[in-house]
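In what follows, a single structure is set out as C-alpha cells and then discussed.
A short reminder: the numbers here are calculations on the coordinates, not readings from a lab. This structure is a prediction, so every number in the text was calculated from the model and none was measured. Don't worry about glycine lacking a Cβ; one is built from the backbone with ideal geometry, like all the others, and counts go over all protein chains shown.
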Amino acid sequence: MELVRRCFDAMNAGDLDTLLELVDDDIVADVPTGYANADTYRGRDGFRRMAEQWLEPWSSFHAEPLDFIERGDAVVIPIRQSATGRESGIEVEMDLAYLVRVRDDKLVEWRLCKDAAEALELC
C-alpha cells in the first residue's frame, strides 16, 4: 500500500521521474475506449507516454484517492480527479477508479475504470 501512496504523491506533484522509478520495466497500463488517449501502454516508456498525454491538457491536475480496497494482489482505488484546462481555464472534476497490481515492490499493472464496482469485477 505504501508504494501505491507514493505513486499518487509523485503523480500529484507532477514528478514523472519519481513515478517511473516505482513502476516495473514491463508495466501494462490500460486506458479503455471512451477516455482520452485510450490504448494499452507497455513498459516504462509506454507508461510515461500515457501519463504525459493524460496530463498535457491540464494546467493543474490532482487525483485524490478516496479509498484503498485490497483484493489479493490488486488494489482498487476510487479517486476524484480535478483539473484545470491549460487553454480554457475550465475546471473539471470526475470520479473514476484505478485498478493496480504490485509485484516485488513495483507497479506492474495500472487500469483506468469508470468506478470501483467495475474495477472490483476485474480483480
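Here the Karplus curve 6.51 cos²θ - 1.76 cosθ + 1.60, taken at θ = phi - 60°, turns the phi angles of segment 51-58 into couplings of 5, 4, 5, 5, 8, 3, x, 10 Hz, with x standing for Gly and Pro.
Here the 3J(HN,Hα) profile of segment 106-123, calculated from phi with Karplus coefficients 6.51, -1.76 and 1.60 at θ = phi - 60°, is 9, 6, 10, 8, 9, 9, 8, 10, 5, 6, 5, 4, 4, 5, 5, 5, 8, 5 Hz, Gly and Pro shown as x. Subtracting the Cα-Cα distance of ASP73 and MET94 from their residue separation scaled by 0.36 nm leaves 4.9 nm.
Taking the chain as a Gaussian network of alpha-carbon nodes connected by springs under 10 Å, the highest mean-square fluctuation of the residues THR18, THR84, THR33 belongs to THR33. Mean projection of the Cα convex hull over all viewing directions, computed for the chain: 6.9 nm². Amide H contacts of ILE79: LEU66, LEU96, ALA97, TYR98, each under 5 Å away and 5 or more positions distant or on a separate chain (H built 1.01 Å from N in the peptide plane; Pro and chain starts excluded).
For the chain, the longest principal axis of the C-alpha atoms and the axis of helix 2-12 are separated by about 10°. Taking 10 °C and 1.306 mPa s as conditions, segment 1-40 diffuses translationally at an estimated 140 µm²/s according to Stokes-Einstein applied to its Kirkwood radius (Cα pairs).
Look at the Cα gyration tensor of segment 1-71: its axes a ≥ b ≥ c give a/c under 1.5, and that counts as rounded.
Model label points for ASN37 and LEU66, set 7 angstrom from Cα along the Cα-to-Cβ axis, are 2.3 nm apart.
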